[in-house]
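Reviewing the structure listed below.
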Amino acid sequence: MRWLTVMVVFSHRTFRWSLTRKRMLWGLGGAAAFWALAMIGSGYGVWASKKIMSFSRLQKETQEQQDQLRSSLDQAQALDAEVVALRKQLTELLKLLDPKANANLTTPAGPSSTAPVPPGTQERLARLRQDLDRTSKQAEAVRARMEPVVRAWSFTPSIPPTAGYMSSSYGVRLSPFSRANEAEDGILGYHSGIDISNALDTPVQATANGEVLEAGWMDRYGWGVRISHSQDKETLYGHLNHLEVHSGQQVTRGQILGTMGRSGHATGIHLHYEVRLNGKPVDPQPYLRLQRQWLRAISRQS
């Protein structure tokens with residue numbers, strides 16, 4: 001059943017369109033669906049904007065996590081200091097018992113026949129030996145637990161490289177440059193890292209200790225930095241606006257490498273961040289949470 005007919009008459013030809021109720025409903029439904037998608041997209045944009053975290057807040061959070069780790073390390077240092085104090089007390093007691101004997105922890109000493117021994121000295125000596133043995137074992141246990149964590153923590157990417165919201169994830173995606181994407185695969189490209197978007201010149205930080213292997217123009221990545229953290233781990237920071245480091249420089253976790261930009265093949269201002277194992281890109285997202293996971297594990301063990 002025709003609901004509306006439109007006719008356009010020219011001198012040599014007449015054009016005629018008929019609109020049925022069914023077509024009209026389909027058209028209205030399509031318009032409503034488009035409007036709903038637009039509203040969802042706008043809502044996500046507002047949500048993403050609210051989720052953007054300032055870099056100063058990110059640095060503060062990173063510093064707090066580092067302080068938490070250092071406080072755990074201080075446990076081992078405090079126990080070491082206690083061991084030194086106990087050894088000193090033990091040495092003084094051994095000298096008091098036998099001034100002529102070598103005061104050490106392995107040679108037992110008996111009371112001297114030439115000097116009076118204060119009452120309770122032997123009991124105090126036994127308690128000191130017990131305290132020294134217990135504290136030494138505690139210090140060894142703390143060091144054994146902390147040293148591998150600290151070693152891995154220092155040279156493993158484990159914090160966000162910058163503040164912002166993730167605008168593109170790792171893996172297959174629709175390339176914004178068709179054949180000009182990271183792997184040059186056509187319309188469907190392989191994204192070898194994650195993109196984090198924020199304002200121009202948002203600072204970008206190193207995610208672990210390491211050595212700068214490359215700092216400069218890196219073709220499709222634009223201005224970028226590549227850091228070696230160990231024999232098998234590297235990170236890459238692309239599309240920067242300014243660089244703050246140079247090749248061969250040693251950097252530490254949280255050190256500023258440069259600022260966010262849109263150099264190279266970039267459709268907007270963002271950081272392209274990669275984590276590479278044995279030269280091959282892997283998903284960086286699990287590495288962004290490692291530091292918090294380690295700290296929670298340490299807290300449970302303490």
| For His265, are the conditions met, namely being farther than 25 Å from Lys60 by Cβ, in contact with a strand residue (DSSP E or B) (Cβ under 6 Å, 6 or more places away or on another chain) and not in a strand (DSSP E or B)? | no
| message | Filter region 268-283 down to the residues that are in a strand (DSSP E or B), among the aliphatic types (A, V, I, L, M) and more than 18 Å from Glu211 (Cα to Cα) and list them by number. | response | Leu271, Val282
| query | Only one of (1) among the hydroxyl-bearing types (Ser, Thr, Tyr); (2) modelled with pLDDT under 70; (3) under 24 Å from Glu244 (Cβ atoms) fails for Thr106. Which number is that? | reply | (3)
| task | Tell me, please, whether a residue that is modelled with pLDDT under 70, assigned to a loop (DSSP other than H, G, I, E, B), among the polar types (S, T, N, Q) and touching a strand residue (DSSP E or B) at 6+ places or on another chain (Cβ under 9 Å) can be found in region 181-190. | result | yes
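The values are calculated or read from the model by the stated rules, or taken from the named source; none is laboratory data. Note that this is a predicted model, so its numbers are computed, not measured. Note: ideal-geometry Cβ built from the backbone for every residue, glycine included; neighbour counts use all protein chains shown.
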